[in-house]
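S.K.: One structure follows; several queries about it will come next.
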Amino acid sequence: MPKLTYLSHSAFLVENDGDTIAIDPFLTGNPLAPVRVGDIHPNWIILTHGHGDHIGDALTLAKRDDATIIAPFELATYCEMHGAKAHPMYIGGSREFPFGRVKMTIAHHGSSVTEGNTIIYTGNPVGILLTMKGVTLYHSGDTGLFYDMKLLGEMNEIDVAVLPIGDNFTMGIDDAVKAVELLQPGLAIPMHYNTFDLIKADPQEFVDKVKENGYKARILGFGESLDY
């Protein structure tokens, strides 16, 4: 049974059968991160887009632990150019890896890396459907609400969905509640909130509203894990 650990913001660890997958591992510079770079040792890393609060420590982790980064094509290429191993994918594509199946979905956001005064384009942002041991995690990445979430829910039995609620850059609470209605996951967990003043939000409000609509939701504390 996979274990999901929330590292705050949009960063998660998924562990199963000796594999450790880090998703959007933003630890350094993250005031809410419950662990440091030296505390985790992934052998796979999945990136949803290139913004600094998502690519985070991916390059450091990948080069230190000889981990492979799975990312949209342009972002994977950027990572390879900076000395990391990478596997490129894109929206609609799926692939079986030793740890399970990854499929990339649309996400309505942006994707770039800023180096000095230069903004480097890193392709389209994505969401992730990660299936391991017959259970599926949907990590939406940074996104606004979109109606095709209904299609994702119809075509995939989503056991856990992690969704941003911080507003300003992504969905706010009410849009994220609607996303749960469209996706119909077994469990919804809020993410991407309270890291910075611009994305302050009350995760309990999200949970309460989701439950009022008849779906399951819970807050996963920073550093807390659950088996799903």
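S.K.: Pull up all non-local amide H partners of residue 191: gap of 5 or more, or a different chain, and H-to-H distance under 5 Å with H placed in the peptide plane.
M.R.: The answer is 163, 165.
S.K.: Going by amide H atoms built from the backbone, whose H comes under 5 Å of the H on residue 136, apart from near neighbours?
M.R.: Long-range HN contacts for residue 136: 159, 160.
S.K.: Please report the antiparallel percentage of DSSP beta bridges with both residues in the chain, rounded to the nearest 5. Walk me through the numbers before you get to the answer.
M.R.: Numbers: 31 of 51 bridges.
Roughly 60 percent of the beta bridges in the chain run antiparallel, per DSSP.
S.K.: Hey, another quick one. Which of 113, 177 has the fewest other C-beta atoms within 10 Å, and how do the rest follow up to the most? Before the final figure, lay out each step's value.
M.R.: Values: 113 19, 177 25.
So the residues, fewest neighbours to most, are 113, 177.
S.K.: What order do you get for 198, 163, 129 when you list them from fewest to most C-beta neighbours inside 10 Å?
M.R.: 198, 129, 163
S.K.: Jot down the radius of gyration and Dmax of the range 68-147, Cα atoms only, both in angstrom.
M.R.: When restricted to Cα atoms, the range 68-147 yields Rg and Dmax of 13.4, 45 Å.
S.K.: Going out from 0 in 5 Å bins, what whole percent of all Cα-Cα distances in the range 110-228 drops into each bin?
M.R.: So the P(r) values, bin by bin, are 2, 11, 21, 23, 20, 12, 7, 3, 1, 0.
S.K.: As a footprinting exposure proxy, order 40, 173 by other Cβ within 10 Å, with the fewest listed first.
M.R.: In order of increasing Cβ crowding within 10 Å: 40, 173.
S.K.: Under 14 Å from the Cβ of residue 25, count the other residues' Cβ atoms, weight Lys and Arg +1, Asp and Glu -1, and hand me the total.
M.R.: Values: positive: 36, 63, 64; negative: 15, 24, 39, 53, 57, 65.
That works out to -3.
S.K.: Per DSSP helix of 4 or more residues, -39500 (n - 2.57); summed, then divided by the residues of the chain. What does that give at 222 nm, rounded to the nearest 500?
M.R.: Working: 6 runs with 49 residues, N = 228.
Helix-only estimate at 222 nm: -6000 deg cm²/dmol.
S.K.: Would you check the range 3-221 for Lys pairs whose C-alpha atoms are within less than 25 Å, ignoring same-chain pairs closer than 8 in sequence, and give me the count?
M.R.: Total qualifying Lys-Lys pairs in the range 3-221 comes to 26.
S.K.: I'd like to compare 184-192, 17-25: which one has the highest average count of other Cβ atoms within 10 Å, and what's the full order after that? Provide the component values of the computation, followed by the final result.
M.R.: Numbers: 184-192: 23.7, 17-25: 21.4.
The packing order, highest mean first, is 184-192, 17-25.
S.K.: May I pose another question? Projected area of the chain, taken from the Cα convex hull and averaged over every viewing direction, in nm²?
M.R.: 11.0 nm²
Here, each number is a calculation from the coordinates, and none is a lab measurement. Since this is a predicted model, take the numbers as computed values, not measurements. A quick note on method: Cβ atoms are made from the backbone with ideal geometry, for glycine too, and the neighbour counts reach across all protein chains shown.
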